[in-house]
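**Student:** My questions will all concern the structure given below.
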Amino acid sequence: MAYKVRFVNPGKLYRQLKPDLDAAYFKVMENGNLIDREELWNFEGELAKFVGTRHAVGLNSGYDSLHMSLRACGIGPGDEVIVPAHTFVATASAVVNVGARPVLVDVGRDFNIDVDRIEEAISPRTRGIIPVHLNGRMAYMPAVTEIAEKHGLAIVEDACQSLGASQDGKKAGAWGVTGCWSFYPFKILGGYGDGGAITTNSDEVADFARRMRFNGEDRHTGQYHGHGFTCLLDNIQAAFLSVKLRHMPEWIEKRRVIAERYRAGFAGIDDLALPHFNGDGRSDVFQNYVVRSKQGDAFSDHMREHGVEVLVQWRKPYYRHEALQLEDRGFPETELLSSEVCSLPLAVELDDDEVEHVISTVRSFYGLS
Ligand SMILES: *Cc1c(COP(=O)(O)O)cnc(C)c1O
């Protein structure tokens with residue numbers, strides 16, 4: 001079915017940015033600058049500046065940024081790492097793939113790790129914690145930091161959904177040993193294929209990631225520092241991302257404006273829980289606009305039937321997929337929200353009519369005009 005309002009519309013955004021994206025493309029192609037060249041280094045500098053860290057290192061996915069970060073922290077077999085029960089599965093898979101064990105913790109009403117439940121999950125084997133900043137809102141980092149310091153844990157921030165979000169003026173991705181970024185096309189800063197990065201204030205961690213992304217080689221000396229991987233951010237993607245990063249401040253503003261229009265449009269619908277939470281010094285960027293309806297699939301089906309492309313992330317929590325062999329210690333909030341969530345379109349390329357159509361479609365489900 002052809003949706004009236006698509007969840008994201010990369011072609012439409014491309015047409016808006018076409019002169020700059022085309023210029024970036026032709027420059028890379030004509031110079032033959034494909035791997036580890038100026039466009040990558042420039043983008044890394046711009047990303048580090050935007051986040052407020054000393055370094056950014058481009059990698060080829062958000063998953064790889066988590067994976068490299070855990071390796072840089074020396075986390076491996078025999079270790080445990082705290083992760084939220086409600087997140088994209090890659091957060092936990094990165095832990096498993098370095099040989100460690102993810103220990104899941106339930107989330108709170110704002111979809112982020114419940115900081116009051118972290119300490120009960122800590123054991124003598126716990127070495128790290130991955131707070132995930134989901135949907136464009138930071139996990140409550142003052143508490144996470146305090147717990148991590150008390151127990152000597154490394155913090156790796158999964159910031160894949162929260163570029164530009166902040167807490168007390170300090171940006172997501174600037175709190176932990178690393179901040180992990182994904183430039184998957186649907187993300188707030190999306191490339192034209194897979195992409196990722198870490199941000200860090202540590203020279204050692206940045207050097208480690210720069211070598212390990214290139215098979216362990218120090219490209220200046222030719223020396224191998226360990227068995228590495230091939231996981232660089234492509235130069236062409238970096239060139240595109242630089243073009244888009246320049247628009248971030250204005251795009252974040254636009255996301256907030258759309259979120260406010262949704263809030264106003266849905267006011268008074270008791271069944272619908274909206275993603276507007278207490279500040280606590282946090283500033284949200286609305287990567288996703290996730291509402292909760294007790295009517296679950298009936299709500300999301302209604303949206304789709306009326307031309308609004310919505311995503312449901314996720315009806316079945318990842319720890320319930322048997323092949324993943326994860327321990328379900330009982331996560332009541334994750335269980336409940338999983339039956340209720342629905343992500344409405346919230347992208348910078350949405351126009352006023354599309355926003356209105358989303359609002360009227362939600363209202364019509366509740367019999368309102
Ligand atoms: C997208 C995402 C990832 C993984 O990013 P990829 O680039 O797809 O590997 C990890 N964690 C979260 C929270 C994400 O949203």
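**Student:** State in Å² the accessible area per residue of the chain; use a 1.4 Å probe, count heavy atoms of protein chains only, and round to the nearest integer.
**Tutor:** Details: 15750 Å² over 369 residues.
Result: 43 Å² per residue.
**Student:** Follow-up question, since we're still on this one. Magnitude of the Cβ-charge dipole of the chain, K/R +1 and D/E -1, about the Cα centre, nearest 20 debye?
**Tutor:** 320
**Student:** I need the phi-derived Karplus couplings for the stretch 354-369: 6.51 cos²θ - 1.76 cosθ + 1.60, θ = phi - 60°, integer Hz, Gly and Pro marked x.
**Tutor:** 3J(HN,Hα) across the stretch 354-369, in whole Hz: 5, 4, 4, 5, 4, 4, 5, 5, 5, 5, 5, 4, 9, x, 9, 9.
**Student:** OK, next. What is the magnitude of the charge dipole of the stretch 119-211 about its Cα centre, with +1 placed on the Cβ of each Lys and Arg, -1 on the Cβ of each Asp and Glu, and no other charges, expressed in debye to the nearest 20? Please list the in-between numbers first.
**Tutor:** Values: 9 positive and 11 negative charges, 40 e Å.
Here the stretch 119-211 has a charge dipole of around 180 debye.
**Student:** Right, here's the next one. Among the aspartates and glutamates, select those whose C-alpha is under 15 Å from the C-alpha of LYS171, and discard any that sit fewer than 8 residues away in the same chain.
**Tutor:** The qualifying aspartates and glutamates are GLU46, GLU157, ASP158, ASP280, ASP284.
**Student:** Pull up all non-local amide H partners of GLU80: gap of 5 or more, or a different chain, and H-to-H distance under 5 Å with H placed in the peptide plane.
**Tutor:** ARG101, THR126, ARG127, GLY128
**Student:** Select from the stretch 315-369 those GluC sites (Glu not before Pro) which occupy a DSSP coil region and have at most 16 other Cβ atoms within 10 Å, ordered by residue number.
**Tutor:** On the way: sites: GLU322, GLU327, GLU333, GLU335, GLU340, GLU349, GLU354, GLU356; in loops: GLU327, GLU340, GLU349.
Within the stretch 315-369, the qualifying GluC sites (Glu not before Pro) (loop, at most 16 other Cβ atoms within 10 Å) are GLU327.
**Student:** What is the set of long-range amide H partners of GLY216 at a cut-off below 5 Å, with H atoms built 1.01 Å from backbone N?
**Tutor:** Answer set, sorted by chain and number: GLY228, PHE229.
**Student:** I would also like to ask the following. To the nearest Å, what is the center-to-center distance of the stretch 180-257 and the stretch 72-107, using C-alpha atoms only?
**Tutor:** Using only Cα atoms to place each centre, the spacing works out to 21 Å.
**Student:** Greater than 19 Å separation of Cα atoms is the criterion. Which listed pairs, LYS18/LYS244; LYS49/LYS254; LYS4/LYS244, meet it?
**Tutor:** Pairs exceeding 19 Å: LYS49/LYS254; LYS4/LYS244.
**Student:** Mean residue ellipticity at 222 nm from the helices of the chain, using -39,500 (n - 2.57) per DSSP H segment of n ≥ 4 over the full residue count, to the nearest 500 deg cm²/dmol?
**Tutor:** Per the formula, -11500 deg cm²/dmol.
**Student:** Let me ask you something else. Would you check the accessible area of ILE359, probe 1.4 Å, heavy atoms only, in square angstrom rounded to 10?
**Tutor:** Rounded to the nearest 10, the figure is 10 Å².
**Student:** Each residue of the stretch 100-107 in turn: what ³J(HN,Hα) in whole Hz from Karplus with 6.51, -1.76, 1.60 and θ = phi - 60°, glycine and Pro shown as x?
**Tutor:** Here the 3J(HN,Hα) series is 9, 10, x, 10, 8, 10, 5, 9 Hz.
**Student:** I've got another one for you. Indicate, rounded to the nearest 5 percent, the antiparallel portion of the DSSP beta bridges found entirely in the stretch 12-245.
**Tutor:** Rounded to the nearest five, the antiparallel share is 50 percent.
**Student:** Using θ = phi - 60° and the Karplus curve 6.51 cos²θ - 1.76 cosθ + 1.60, what whole-Hz ³J(HN,Hα) does each residue of the stretch 233-243 get, with Gly and Pro shown as x?
**Tutor:** Running phi through 6.51 cos²θ - 1.76 cosθ + 1.60 with θ = phi - 60° gives 6, 5, 4, 5, 5, 4, 4, 5, 5, 4, 4 Hz.
**Student:** Okay, next question. Just tell me which lysines come within less than 21 Å, Cα to Cα, of LYS294; anything on the same chain fewer than 8 places away is out.
**Tutor:** Answer for LYS294, where 21 Å is the Cα cut-off: LYS316, listed by chain and number.
**Student:** Whenever you get a sec, compute what percent of the accessible area on the stretch 214-369 sits on carbon and sulfur atoms (1.4 Å probe).
**Tutor:** So the carbon and sulfur contribution to the accessible surface is 48 percent.
**Student:** Counting only the heavy atoms of the protein chains, how much of LYS170 is accessible to a 1.4 Å probe, in Å² to the nearest 10?
**Tutor:** Ignoring ligands and nucleic acids, LYS170 comes out at about 90 Å².
**Student:** Using amide H atoms built 1.01 Å from N in the peptide plane, name the residues 5+ places from THR87, or on other chains, whose amide H lies under 5 Å from its own.
**Tutor:** The list, which skips near neighbours in sequence, is TYR318.
**Student:** Taking all protein chains together and a probe of 1.4 Å, list SER65, SER364 from the most accessible to the least accessible.
**Tutor:** Putting SER65, SER364 in descending order of accessible area: SER364, SER65.
The values are calculated or read from the model by the stated rules, or taken from the named source; none is laboratory data. Every value quoted in this text rests on a predicted model; they were computed, and no experiment measured them. Methodologically, a virtual Cβ is constructed for each residue, glycine included, from the backbone with ideal geometry; neighbour enumeration extends over all protein chains shown. Remember, those area values only see protein heavy atoms, side chains included, never the ligands or the DNA or RNA. Shrake-Rupley method; radii C 1.70, N 1.55, O 1.52, S 1.80 Å.
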